[in-house]
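The values are calculated or read from the model by the stated rules, or taken from the named source; none is laboratory data. A quick note: this is a predicted structure, and the numbers were derived from the prediction, not measured. Here the Cβ positions follow ideal geometry from the backbone for every residue, glycine too, while neighbour counts run over all protein chains shown.
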Amino acid sequence: MRIGIDASRIARDEKSGTENYTLNLIRALAAIDRKNYYQLYFNQPPKFFELPGGNFASKVIASKRFWTQLRLAAELAINPVDLLFVPAHTLPVLRRPALKTVVTVHDLGAQFLKEYHEFPSRYYLNWSTAFVANYASHLIAVSGATKKDLTRRFKVPASRITVVHEGVDQSFFKRASEAEIELCRKKYGLASKYFLFVGTIQPRKNLTRLIEAFARSRLNLDLAIAGQPGWLYKEIYEAPERFGVENKVKFLGFVPNEDIVKLYSGSTAFVFPSLYEGFGLPVLEAMACGCPVITSSVSSLPEVAGEAAVLVDPDDTKAIEKALKDVATDPTLRERLTAAGYRRVKDFTWERSAKETLAVLAKVGKK
C-alpha cells in the first residue's frame, strides 16, 4: 500500500505536542514496517530530521499559506497514493473520491473552552475538526476522552474512531544525574527546590490559578514554567506580581528536551492543573523521569495518569494548594508517586502506538 503522510509539522523549528507526536510516530512506523511504501510531504525542508530511508521517501512542496488546501491537494491529485494519513486534524477539501483518509484528532479544546481561544484560531479548529469528523474515512483519537468528545459533539459513530494512546520518547526514560540537575538548575536560575510546569502558556493550562495556589501555599520553593507563549498569555505573565511571588515564579521560555529531562528529574513535583487535555503527554514524561505528578481530575488526565498521580479539581484553588503542600512536605508520598509513575509509564511506548496506528491504516486500506 502507498501511504502518504502529512509530515509538515516536523519542519517547525520549535516542536510541541502535535509536532512531537508526528515525529515520534513516523520514526516508530519506520522501525516496524518494511512492507508498505510511505511518502512524506513537507511544506519546507525539515531541520534535524533524518529520513528513515528504504520504504520512506520525502517531498518538499514549498508554500507558506494554504499549503494543505492548495499545494498538498494538487500533489495528491497529480501523484495519487492509496491512503492519506494526517497526524493532526485537517484534510484537503478537494481530493479524489477514491482516496482513503485517516486523521488523528488530539482534542476538542476549541469546542469546550471557547473563551480561551482567539476567534481566528477557534474558527479554524472548529471548522477543520468538523470537516474531518464528517468526511475522513476513519479517525484516530489519542484518548478515550477525546473519542467520547467526538461522538458527543459531532455524532461520529464509535465504529469510525479508534483510540490509540501516544507514547513517551525513550530519551525521557533516563533520570538525570545530580550533577546534571544542578548545572541545569543554575542555568535557569532556579532555587534548590522547585515545582515544574511544562506546556504552552495559555489560559486553558490554568496557570493563573496555579500561581495563586502556589502563592497561598507559602512554600519555600520556586515555580518553574517552561513553554512558549500561546494565545491570551498576557494575564498569566502578570499573575506572579499580582499574587506577590514575582521573585519565585520563573518563566523559562522554550526549553529543549535535553534540559526538560533534567528539570523533570530535579523537580519536587510536576504540576499540570489543565482545564482540558486531549491526552496530556507531559504527565507521562514526568513519570518517566521519576518526578511525582499533580494533575487535573478532568478530561483525559485521569485516563493517562491512572493511580500514579495526585488528582485535583482544576477549578478549586484550595485543592491545588493542598496538593502542593502535601507533596512538598511528605517524602513518603513523593516516593510512592515516583514508583507508581515508573510502573504506569511502561504502558505507553511509541512502538505500541505505531503498531496500533498501522493496524488502523491497514484496515482502512482494505475497505
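Side notes on the structure shown:
- Residues within the stretch 166-182 that are loosely packed, with under 14 Cβ neighbours inside 10 Å and of a type in the set (A, V, I, L, M), tallied: 1
- Every test in (1) within 19 Å of the chain's Cα centre (by Cα); (2) aliphatic (A, V, I, L, M); (3) surrounded by 19 or more Cβ atoms within 10 Å (Cβ to Cβ) is passed by residue 163 save one, and that test is (3).
- Flag for residue 171 being part of a helix (DSSP H, G or I), among the small types (Gly, Ala, Ser) and at pLDDT below 95: yes
- Flag if residue 255 is surrounded by fewer than 24 Cβ atoms within 10 Å (Cβ to Cβ), more than 19 Å from residue 324 (Cα to Cα) and assigned by TED's automatic domain parsing to the domain that holds residue 183: yes
- The number of residues in the stretch 292-311 that are surrounded by fewer than 24 Cβ atoms within 10 Å (Cβ to Cβ) and either of a type in the set (A, V, I, L, M, F, W, C) or in a strand (DSSP E or B) (or both) comes to 4.
- Residue in the stretch 37-59 that is farthest from residue 83 (Cα to Cα), counting only those that are surrounded by 15 or more Cβ atoms within 10 Å (Cβ to Cβ) and among the hydrophobic types (A, V, I, L, M, F, W, C): 49
- Check on residue 161, aliphatic (A, V, I, L, M) and either in contact with a strand residue (DSSP E or B) (Cβ under 8 Å, 6 or more places away or on another chain) or closer than 16 Å to residue 106 by Cα (or both): yes
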